[in-house]
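Notes to accompany the following structure.
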Amino acid sequence: MIEFDPNNSAPEGSGLFALPYSVDDASVVIVPAPWDATSSQALASSGAPDAVYAASKYVELFDARQGPIYRKGVAMDATCEEIVAMNKLAIAIQDSGTLPAEHLTEACQRLNGLVKDQVSRHLAAGKRVGLLGGDHSVSFGSIDAHLERHPGLGILQIDAHCDLRCGLDGITFSHASIMYNVMESLRPDTLVQVGVRGLCDFEAEYLQQSDSVHTFFDADLHELRADGVAWTEICSKVAAALPAQVYVSLDIDGLQPSDCPNTGTPVPGGLAYNDVVYLLRHISSGGRTIVGFDLVEVSENEFDASIAAHLLYQLCGVVAAP
């Protein structure tokens, strides 16, 4: 057993956030998903789980609002080596220009199953589970597992993009089509999007025709705040669109680019870090339960990983809230 002192530096061999917990005795388990084979620009998010793990050792453990989050018990699961091998192979073949899109789609389907199995195993053991990507395509298996356990849950997506394309460049399970696949295949009752500021024609039409997707565009949020509407009032409107149980899918590019400058597809505008933290706490303390989450599209860059580690700690706090 590693000697643990929350007031000192991380000891050698300590776990996520320098904590002494194992997966067996933690209440929150983080599942790493080092996959970025469908990324549009930077291929660096597969290294994010390791980078965030390293950065987490420097996160202060007493939070001014949530208190000593670490006491709830947080640990990171082992990486699935099959995902690592699949990702390396897919990227190598892509670089050679010889990978047909349908082959990558098949690899994504295998990825979905691997993630779902790993997440489901921890849910069955009574854990709360967070997924750490990787590009946004990794979220499908985690959402699938959570929906099986909580059929009525709604999804809160914090993101710069709608991710409602039916595919991208022939790839069905692209990071840009994650929410389309979720809505069309898994069919949750509700998807609430916050911070969106990038979409295509197809996605605009999809939103017009859908009664299940509620989008709070970044431009509208900016105008509301410029007109004097308090963030707490806006967060209440977001919460009102969600059911009692909520799964959070947090693409880090939902934040302003200054907080994640090296993410794959940054877009001007976005939410401040404290906006996101307040929104999460507002939802979890307002009669709704956050039952699981994913944090994706994080660059392995040290600065981005540090911001993501702090976000991950906040997510662990709200998912472990009573």
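What follows draws every value from the coordinates through simple rules; no lab data is involved. All of these numbers come straight from a predicted model, not from anything done at the bench. Here the Cβ positions follow ideal geometry from the backbone for every residue, glycine too, while neighbour counts run over all protein chains shown.
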For region 47-151: relative contact order, % (alpha-carbon pairs under 8 angstrom, 6 or more apart) = 27
With both partners inside the chain, how many of the DSSP beta bridges are antiparallel, as a percent to the nearest 5?
-> 10
How high is the relative contact order of region 28-313, in percent, with contacts defined as C-alpha pairs under 8 Å that are six or more residues apart?
-> 24
When the scattering of the chain is computed by the Debye formula from its Cα atoms alone, each counted once and equally, what is log10 I(q)/I(0) at q = 0.15 Å⁻¹?
-> -1.23
Computed FRET efficiency, Cβ-Cβ of GLU60 and SER22, R0 22 Å: what is it to the nearest 0.05?
-> 0.45
Gap in Å between the Cα centre of region 10-79 and the Cα centre of region 220-263?
-> 23
Highest-MSF residue in the chain out of LYS237, LYS88, LYS127 [GNM, Cα springs under 10 Å] = LYS237
Any idea how many Lys pairs in the chain come in under 23 angstrom at the alpha carbon, given 8 or more places apart or on separate chains?
-> 5
If one puts a single equal scatterer on every Cα of region 97-207 and applies the Debye formula without solvent, what log₁₀ I(q)/I(0) results at q = 0.14 Å⁻¹?
-> -0.57
